[in-house]
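Below: one structure, written as structure tokens.
The values are calculated or read from the model by the stated rules, or taken from the named source; none is laboratory data. None of these values were measured; they are calculated from a predicted model. Reconstructed Cβ throughout: ideal geometry from the backbone, glycine too, with neighbour counts over all protein chains shown. To get the accessible areas, we keep the full protein, side chains included, count just its heavy atoms, and leave off ligands, DNA and RNA. Shrake-Rupley method; radii C 1.70, N 1.55, O 1.52, S 1.80 Å.
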Amino acid sequence: MNLTKEQKEQFEEILEEIGSSLDITESEYNAAVQSYESVGRYLSKDDSDLAKYEPTILPQGSFLLGTVIRPICKEDDIDLDLVCQLKNKNFHWTQADVKNKVGDQLRKHKTLESLLDEEGRRCWTLKYREKSPNGGKYHMDILPAIISEGYGILLEKAFSNRSLEEVDSLSIRMTDTELLNYASSIYVEEWPKTNPFGYASWFFQEADIGLEKSFSLRESIKPVPKYQKEKLPLQRAVQILKRHRDMIFNGDEDKPISIIITTLAARAYRKESDVVGALFGIVNRMEDFVETKEDPDTGEFYKSIPNPVNPGENFADRWRGNSIKEDNFYKWLKKLKKDLAEFVEKRGVNLQNSLSDSLGKGVISEAFTKIGVRKRMLTESGLNRFDSKIGISTSGVSFLKSHNFYGNAEE
């Protein structure tokens with residue numbers, strides 16, 4: 001990436017605004033939190049069949065990582081991944097029993113029953129789209145899981161210290177309808193293990209750049225995070241990568257999945273302190289972290305993207321049975337590199353159009369409008385300057401006219 005200091009400054013401002021435009025709003029965020037906390041309170045009520053096991057609901061995935069993005073179409077739902085944690089279980093319960101107990105309890109609530117989708121492989125899904133009490137447009141994937149005694153203390157400690165020591169102790173046991181022991185094993189040690197909170201702890205450690213900005217976000221980095229308006233460079237980069245993926249594969253089930261993009265981005269991140277450096281660096285390096293392994297039984301070579309907190313789990317395991325998924329990942333990465341290279345070469349309206357093609361017209365229009373308003377206010381105060389060679393206001397060269405608009409390149 002060969003950018004002048006002024007070009008880098010302008011791209012940084014644009015990418016920050018694009019990331020901000022991809023964020024869900026604080027009211028959308030709070031509506032989702034209100035909804036899932038309400039479900040948690042209902043499941044743990046004294047007369048609930050699950051009350052004995054003190055069910056709690058916590059966010060996981062992009063909602064916890066601060067990388068959730070708006071859907072391309074305003075009519076589509078925001079995805080919200082949650083864990084329904086039970087402290088221990090009835091000794092005789094199998095995975096099927098735990099899954100069904102949670103589902104049965106949800107069905108006892110008239111409103112929740114009306115929101116409940118068909119049973120998924122691992123989750124129960126509540127579709128809030130049409131009947132949300134607070135107007136939210138989202139669906140919740142709720143993962144029933146078993147935790148051990150003292151888990152809450154371990155979780156708070158892991159997030160407050162952001163230490164990866166004993167990260168395996170944050171693992172939880174979930175249910176999976178496709179496993180042979182789904183309806184037979186009563187021993188949680190034999191149930192599938194997952195570690196969304198250990199993964200989050202790892203991600204935030206990778207994202208931390210040790211600057212004031214990191215510390216200012218500490219309140220947002222908790223098992224139940226607050227709304228986060230500012231984002232770290234890695235979080236912004238992941239949001240932009242996911243949006244670019246969505247633009248190419250919108251509606252395609254074989255698109256590169258978010259956990260693969262997030263994991264490779266975090267591994268490729270080199271603590272760059274700005275979004276521009278983070279994004280370009282990640283895109284150039286992320287392919288290096290796709291491993292090639294050999295199956296000792298068949299001699300077959302396959303791709304692997306290990307879970308950083310559970311190396312035995314391969315996030316790309318479905319590539320082996322469906323080569324389209326692997327092909328699509330590399331096609332996406334190739335297109336991404338091409339688009340980034342073109343962004344650097346373009347200015348003003350051409351740049352805006354190119355970004356719109358890659359990331360969505362609405363998001364880019366919103367981002368440029370925000371920048372334009374900000375620049376116009378600076379211009380009207382006599383503080384703004386404009387470099388016509390770059391096409392975006394900088395601290396150098398010539399003054400913008402008071403009615404001029406950011407991004408209206410003089411080309």
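Summary table below
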item	result
Conditions (1) more than 28 Å from LYS74 (Cβ to Cβ); (2) modelled with pLDDT of 95 or more; number of the one not met by THR298	(2)
Lone qualifier among LYS110, LYS74 - being surrounded by fewer than 16 Cβ atoms within 10 Å (Cβ to Cβ) and either under 30 Å from PRO233 (Cβ atoms) or under 21 Å from the mean Cα position of the chain (by Cα) (or both)	LYS74
Test set (1) within 19 Å of ASN30 (Cα to Cα); (2) more than 15 Å from the chain's Cα centre (by Cα) - ASN90 fails condition number	(1)
Any hit, the range 114-123, residues being modelled with pLDDT of 90 or more, more than 18 Å from GLU313 (Cβ to Cβ) and more than 25 Å from the chain's Cα centre (by Cα)	yes
Which listed residue, of SER273, SER354, is assigned to a loop (DSSP other than H, G, I, E, B), at negative phi and touching a residue at least 12 places away in the same chain (Cβ under 8 Å)	SER273
Scope the range 34-57; condition among the aliphatic types (A, V, I, L, M), in a helix (DSSP H, G or I) and open to solvent by less than 20 Å² (accessible area, probe 1.4 Å); matching residues	VAL39, LEU43
Test result for GLN10, open to solvent by 40 Å² or more (accessible area, probe 1.4 Å) and either part of a helix (DSSP H, G or I) or touching a His at 6+ places or on another chain (Cβ under 6 Å) (or both)	no
Criterion violated by ALA96 - all others in (1) surrounded by 15 or more Cβ atoms within 10 Å (Cβ to Cβ); (2) under 25 Å from the mean Cα position of the chain (by Cα) satisfied	(2)
Residue within the range 58-69 that is of a type outside the set (Val, Ile, Thr) and open to solvent by 70 Å² or more (accessible area, probe 1.4 Å) present	no
